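Report on the following structure.
The values are calculated or read from the model by the stated rules, or taken from the named source; none is laboratory data. Only a predicted model underlies this, so the values are computations on that prediction, with no experimental measurement involved. Here Cβ is always computed from backbone atoms with ideal geometry, including for glycine, and neighbour counts include all displayed protein chains. With ligands, DNA and RNA removed, areas are computed over all heavy atoms of the protein, side chains included. Shrake-Rupley method; radii C 1.70, N 1.55, O 1.52, S 1.80 Å.
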Number of protein chains: 4
Amino acid sequence: MATDFSILRRVQFSETDMAGIMHFANYFRMMEEVEHAFFRSVGLSVMMQHEGMHVGWPRVSATCEYFGPVRFEDELELKLRVIRVGEKSLNFEVDFLLAGKRVALGKITSVCCTLEGTGMRSIPIPPALREKLAGPQ
Amino acid sequence: MATDFSILRRVQFSETDMAGIMHFANYFRMMEEVEHAFFRSVGLSVMMQHEGMHVGWPRVSATCEYFGPVRFEDELELKLRVIRVGEKSLNFEVDFLLAGKRVALGKITSVCCTLEGTGMRSIPIPPALREKLAGPQ
Amino acid sequence: MATDFSILRRVQFSETDMAGIMHFANYFRMMEEVEHAFFRSVGLSVMMQHEGMHVGWPRVSATCEYFGPVRFEDELELKLRVIRVGEKSLNFEVDFLLAGKRVALGKITSVCCTLEGTGMRSIPIPPALREKLAGPQ
Amino acid sequence: MATDFSILRRVQFSETDMAGIMHFANYFRMMEEVEHAFFRSVGLSVMMQHEGMHVGWPRVSATCEYFGPVRFEDELELKLRVIRVGEKSLNFEVDFLLAGKRVALGKITSVCCTLEGTGMRSIPIPPALREKLAGPQ
């Protein structure tokens, strides 16, 4: 799988904490930002109607390893790699690059679900979505 | 290691997202809340002066597995277990319990550092802190 | 109107910023926390079914004046006063008290709405809700 | 005063709440984002060394009026207007425009301070900063 997708994202003041660095929970928001930008780049949305279903992608797991601090006004490159498009799940990694150097590595596994009222139920990833997420083979 | 520490924490409106459930990044803030409450419970703070040093605990890694959604006004029990107090690092897990049932499991590894201006440097965990974090043997 | 309702709320690490104080946007989350605790205290929720309608309270305006910084682990008293229950709108203020001294003052005006799918429409506050919000006369 | 400065900013998933719209507290983070982008555009930072002082801009007041909801993936234009550069304080407004229509209006008053350790003290805005903030006369 060769998908590789990047955005630039500046660290905002409200994302720092009193230690003077970006708070560790905000990396997860950034992973999601590049994920959603990737979805848009292939013509999808993480919250969309598809063949009469309301499709969403709740998380099964999320991980981040931190290799060094990032600070206010740092401009990060967030580089997404789709690792695996499973039957029902999506696996991707995000490199956090500062001046070309990896400062963090994130991993998320999501599962394709239909959202109905307050409930959600996992479903096989619809072929039309799978094709776009998996990219050119 | 037998440390086991719990707080109750209600899911706030601002922690939900348009899918109607708590946003996955907010679990990491909650892990930190119970961690810091644990530090306070043993007479410590995660940002403290100790023998002339400014000691903090930046993260090396953070993980969360999600077993089911939580919603606005749910009251969670956040149950912290210290897994390991290493030479320089601290390892703990947090169970997210809803009505006694585990809905998520978080893991954090932090490293003991001195913070000097904008820099940070890892140090062996001072004995006085180690003793309190490790709890009764 | 005599309603007066308080909660205690500790400033969390993730709510601080690199200036070492609570970030100014987080006061608005805290105003909402005491508001929702107040709703619960009178048997309501800000997101509830009422006579077949899904009732919510989107904001018309929100203001905060800041009189001094608050810091990590400060324990604030958040004191809510209902100022006015209008035909369709709710007006309340929140005092932020640190060791009994006012460090900030927040004001929010919300409007009672029915939420239908992605739309919302203002409605007169239902009498059963009005009575509980207005408190004993 | 003629300063007028804009950025485009997409509403992120984590900024929505269970009502399906952007949470009202997040407008304050966005006001700050355009403010800081404006500072950068004139060669300043909101956290900077200036003539041996550490200069910051804590808030005195912040207000937002909401005219209509904004939703996930909406692209907002955030348009900043400096209203007044006082002796010690800075006053600006931010229009939130969606497809050219104003959906919210924010106002912030900040005060120029030196930050020393955990303390802060208001100071007259240094002439070099004033000139840049006030723009061409």
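Values as computed for the structure displayed
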{"item": "The protein assembly as shown - convex hull of the alpha-carbon atoms, volume per residue in Å³", "result": "166"}
{"item": "In Hz, Karplus ³J(HN,Hα) per residue of region B:87-102 (6.51, -1.76, 1.60; θ = phi - 60°; x = Gly, Pro)", "result": "5, 10, 10, 10, 10, 9, 10, 10, 8, 9, 10, 10, 6, x, 9, 6"}
{"item": "Using a Förster distance of 45 Å, the FRET efficiency for C:Ser89-A:Ser41 (Cβ separation, nearest 0.05)", "result": "0.60"}
{"item": "Copy-to-copy label separations for C:Arg121, where each label sits 7 Å from Cα toward Cβ, in nm and ascending", "result": "3.1, 6.0, 6.7"}
{"item": "Per the axis that maps chain A onto chain B, nearest residue of A (Cβ criterion) and its distance in Å", "result": "A:Thr63, 2"}
{"item": "Virtual spin-label span in nm between A:Glu77 and D:Gln49, 7 Å along Cα→Cβ", "result": "2.9"}
{"item": "Amide hydrogen neighbours beyond the local backbone of B:Ile83, cut-off 5 Å, H modeled", "result": "B:Asn91, B:Phe92, B:Glu93"}
{"item": "Förster radius 22 Å - calculated FRET efficiency between D:Phe67 and C:Arg130, Cβ distance, rounded to 0.05", "result": "0.30"}
{"item": "Per-residue ³J(HN,Hα) for region A:129-134, Karplus 6.51 cos²θ - 1.76 cosθ + 1.60, θ = phi - 60°, Hz, x for Gly and Pro", "result": "6, 3, 4, 6, 6, 6"}
{"item": "Label distances, nm, D:Phe67 versus same residue in remaining copies, Cβ-directed 7 Å point", "result": "3.4, 4.7, 4.9"}
{"item": "Distance histogram for region A:1-102 (every C-alpha pair counted, 10 angstrom bins, percent rounded to whole numbers)", "result": "13, 45, 30, 11, 1"}
{"item": "Accessible surface, region C:3-134, averaged per residue in Å² (probe 1.4 Å)", "result": "38"}
{"item": "Interchain or long-range residues, amide H under 5 Å from C:Thr16's placed H", "result": "A:Met18, C:His23"}
{"item": "Amide H contacts of C:His54 (H built 1.01 Å from N, under 5 Å, at least 5 apart or other chain)", "result": "C:Leu115"}
{"item": "Cleavage-rule hits (chymotrypsin sites (Phe, Trp or Tyr not before Pro)) in region A:1-92: DSSP loop, at most 14 neighbouring Cβ within 10 angstrom", "result": "A:Phe67"}
{"item": "Cα centroid separation, region B:38-105 to region C:64-103 (Å)", "result": "29"}
